[in-house]
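Below you'll find the structure, written out as structure tokens, and then a few comments.
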Amino acid sequence: MERLPGFRDFYPEPLPHADTWSADARQFIFDKWRNVARRYGFREYDGPPLEPLELFTTKSGEEIVGQLYNFTDKGARAVSLRPEMTPTLARMVAAHERNYKKPIKWFAIPQLFRYERQQKGRLREHFQFNVDLIGETDSAADAELIALLIDTLRAFGLTGQDFVIRLSSRNAWHEFFVSKHGKHENEYEFFQIIDKLERTPKEETEKKLSVLGFSLADVNQFIESGQPTAELENILQNLAARGLGGFVKIDYRVIRGLAYYTGVVFEAFDAKGEFRAIAGGGRYDNLVKLISGGKVNLPALGFGMGDVVLLEILKARGLLPKFDANVDVFVLIEDETLRAPSLKLIQDLRAVGFAVEYSLTPAKPDKQFKRAQELKAAFTAKVESESYVRIRNLKSRDEIVAGFADTANHLR
């Protein structure tokens, strides 16, 4: 029986095959994500992986259904596995925003599902670091979120040689569109063309733009001018004051394809150009109002960082640590008459936080010691009587005999 295409099995290290995924690496990534978010004062939330289909069609239109794992459940409800977390967040905030002081600073690590063609860096499921700030219009909030994104990538050992944050503005593109077009009609279609600029042949882009009354030359001139708007300039100054200015540049080729973005947008890119975008986000000031049917109107911004591309770049840069079993103590039971006090020692050590392993069944001393080495245990401990324990440091080979009750203190 094989897993479904586009989905992953996560195994503990050492991995059985090069094409399998590491549960240890996944936890390493999750721990870094949580640590940085909490340093910035963000609180963790979560929601159900199954939502009403309407939640996603309200946000993205009926065309999104082709990308979803959706079905009718046994209660005759149209439902879908979540393809993204932001609509769930907007629903949750709209329901209980009065219970939280503004700005609301939340993060989540959801598993997301999209029924789409698999390709490098994109599967049918992935985990994503979602960080959102709700209830603040000032550009200081945008700078705070971008700083968090930079520090998250730096937490993995990535530097300014590895990534760059490309900063742009839907407002700037809106002004360009209106100045050339004179009206708002087909603006989102224009945004979609700009979003695919780097992935579409020039001739095809020129043709699509000409239908809307634009030329590729005008678009390229606007991009190359790279003049920051007032809001973008404020963000640049804020980040420069933190010493993070070198990680960010204005790049109007970034526009973000999702329709709900309303202002500042940004993406984190691999500086060497080997991988897809590492993360992306921006302002979506109208989404909470849309999801709540106009009952709650709160400005918002956020970003998402998927685990698939991040893991690829960490592997390529040699930034993943070696994942061992992390056993603190292996308790040797060479005399079966001492198994009962040995089990008591094992339980006592585990109760105060040590990771402890032992042979579940009687085994020869050399086999037990070999297993301790395989698990890379830091110490072995052997009960020699109901009063004393022999402790051995497997790195230094030093040994001491400690009182049974003092074993944990000596191990520390």
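The values are calculated or read from the model by the stated rules, or taken from the named source; none is laboratory data. Just so it is clear, the structure is predicted and the values come from calculations on it, not from any experiment. Backbone-built Cβ (ideal geometry, glycine too); neighbour counts: all protein chains shown. Note: areas computed on protein heavy atoms with side chains; ligands, DNA, RNA excluded. Shrake-Rupley method; radii C 1.70, N 1.55, O 1.52, S 1.80 Å.
So for the chain: antiparallel DSSP bridges make up what percent, rounded to the nearest 5?
Rounded to the nearest five, the antiparallel share is 75 percent.
Quick one: length gained pulling residue 137 to residue 390 fully straight, 0.36 nm per residue minus the C-alpha distance? Provide the component values of the computation, followed by the final result.
Working: separation 253, 0.36 × 253 = 91.08 nm, distance 6.32 nm.
Stretched fully, the residue 137-residue 390 segment lengthens by 84.8 nm.
Beyond 19 Å between alpha-carbons counts as too far, so tell me which of 322/367; 207/272; 249/272; 102/249; 120/272; 59/180 fall in that bin.
Flagged as over cut-off: 322/367; 207/272; 102/249; 59/180.
Can you give me the C-alpha center-to-center distance between region 331-388 and region 118-138, rounded to a whole angstrom?
Taking the Cα centre of region 118-138 as reference, the centre of region 331-388 is 45 Å away.
Run the numbers for residue 199 and residue 363: contour at 0.36 nm per residue of separation, minus the present Cα-Cα distance, in nm.
52.9 nm
Identify all lysines with a Cα-Cα distance to residue 370 below 19 Å; exclude those on the same chain that are fewer than 8 residues away in sequence.
Reachable lysines: 382, 395.
Out of residues 5 or more away from residue 300 or on other chains, whose amide H comes under 5 Å of its own, with H placed 1.01 Å from N in the peptide plane?
135, 284, 285
Measure nothing but the geometry: give the 0 to 90° angle between the long axis through the Cα atoms of 23-39 and the longest principal axis through the Cα atoms of the chain, rounded to 10°.
60
On alpha-carbon atoms, Rg over Rh for region 212-293 using Kirkwood Rh?
Computed over Cα atoms, the ratio is 1.01.
Springs between alpha-carbon atoms under 10 Å, Gaussian network over the chain: tell me which of 197, 153, 212 tops the mean-square fluctuations.
Result: 212 has the largest fluctuation of those listed.
For region 254-412, take N as its residue count and report Rg(C-alpha) divided by 2.2 N^0.38 Å.
That ratio works out to 1.80.
Give the carbon-plus-sulfur fraction of the accessible surface of region 346-412 in %, rounded to a whole number; probe 1.4 Å, heavy atoms of protein chains only.
The nonpolar share, carbon plus sulfur, comes to 48 percent.
Over region 69-214, with every protein chain in place, what whole percent of the accessible area is carbon and sulfur at 1.4 Å, could you tell me?
Carbon and sulfur atoms account for 48 percent of the accessible area of region 69-214.
What is the distance, in nm, between label points placed 7 Å from the Cα along the Cα-to-Cβ direction at residue 323 and at residue 237?
4.6
Which cross-chain or sequence-distant (5 or more) residues have an amide H under 5 Å from the amide H of residue 306, H modelled 1.01 Å from N in plane?
129
Per the Cauchy relation, a quarter of the hull surface: what is the mean projected area of the convex hull of the alpha carbons in region 93-238, in nm²?
Projected over every direction and averaged, the Cα hull of region 93-238 covers 12.4 nm².
Run the numbers on region 295-360 and let me know its relative contact order in percent, using alpha-carbon pairs under 8 Å that are six or more apart.
That works out to 32 percent.
Sorted from largest down, what three extents in whole angstroms do the Cα atoms of the chain have along their principal axes?
Dimensions of the chain along the principal axes of its Cα atoms: 90, 54, 45 Å.
How would you order 242-248, 290-296 from highest to lowest mean count of nearby Cβ atoms within 10 Å?
242-248, 290-296
Report the FRET efficiency, 1/(1 + (r/R0)^6), for residue 343 and residue 1, where r is their Cβ-Cβ distance and R0 is 30 Å, rounded to 0.05.
The computed FRET efficiency comes out at 0.20.
Alpha carbon centre of region 13-91 versus region 220-286: separation in Å?
24
Can you tell me the length gained on complete extension of the stretch residue 77 to residue 335, counting 0.36 nm per residue apart and subtracting the Cα distance? Mind showing how you got there, number by number?
Working: separation 258, 0.36 × 258 = 92.88 nm, distance 6.24 nm.
Result: 86.6 nm gained on full extension.
At residue 17 and residue 210, where each label point lies 7 Å from the Cα along Cα→Cβ, what is the point-to-point distance in nanometres?
A separation of 5.1 nm, rounded to one decimal place.
Roughly how many nanometres apart are two label points built 7 Å out from the Cα toward the Cβ at residue 118 and residue 58?
Placing both labels 7 Å beyond Cα along the Cβ direction yields 3.4 nm.
Provide the convex hull volume over Cα atoms per residue for region 1-125, in Å³.
Working: hull volume 19.3 nm³, N = 125.
In region 1-125, the Cα hull volume divided by residue count equals 154 Å³.
Just the number please: accessible area per residue for region 32-85, 1.4 Å probe, all protein chains included, in Å². Walk me through the numbers before you get to the answer.
Values: 2980 Å² over 54 residues.
With all protein chains present, region 32-85 gives 55 Å² per residue.
Relative contact order for region 330-412: what percent, with Cα pairs under 8 Å and sequence separation of 6 or more?
On the way: 109 pairs, mean separation 23.7, N = 83.
Rounded, it is 29 percent for region 330-412.
Take the Cβ-Cβ distance between residue 316 and residue 295 as r, set R0 to 41 Å, and report the resulting FRET efficiency rounded to the nearest 0.05.
Details: r = 47 Å, r/R0 = 1.14.
The computed FRET efficiency comes out at 0.30.
Ranked highest first by average number of other Cβ atoms within 10 Å, how do 366-376, 87-97 line up?
Averaged packing, sorted descending, gives the order 87-97, 366-376.
As a check on your grasp of the helix formula, calculate [θ] at 222 nm for the chain: sum -39500 (n - 2.57) over DSSP H runs of n ≥ 4, divide by the residue count, round to the nearest 500. Before the final figure, lay out each step's value.
Working: 14 runs with 149 residues, N = 412.
When only DSSP H runs of four or more count, the value is -11000 deg cm²/dmol.
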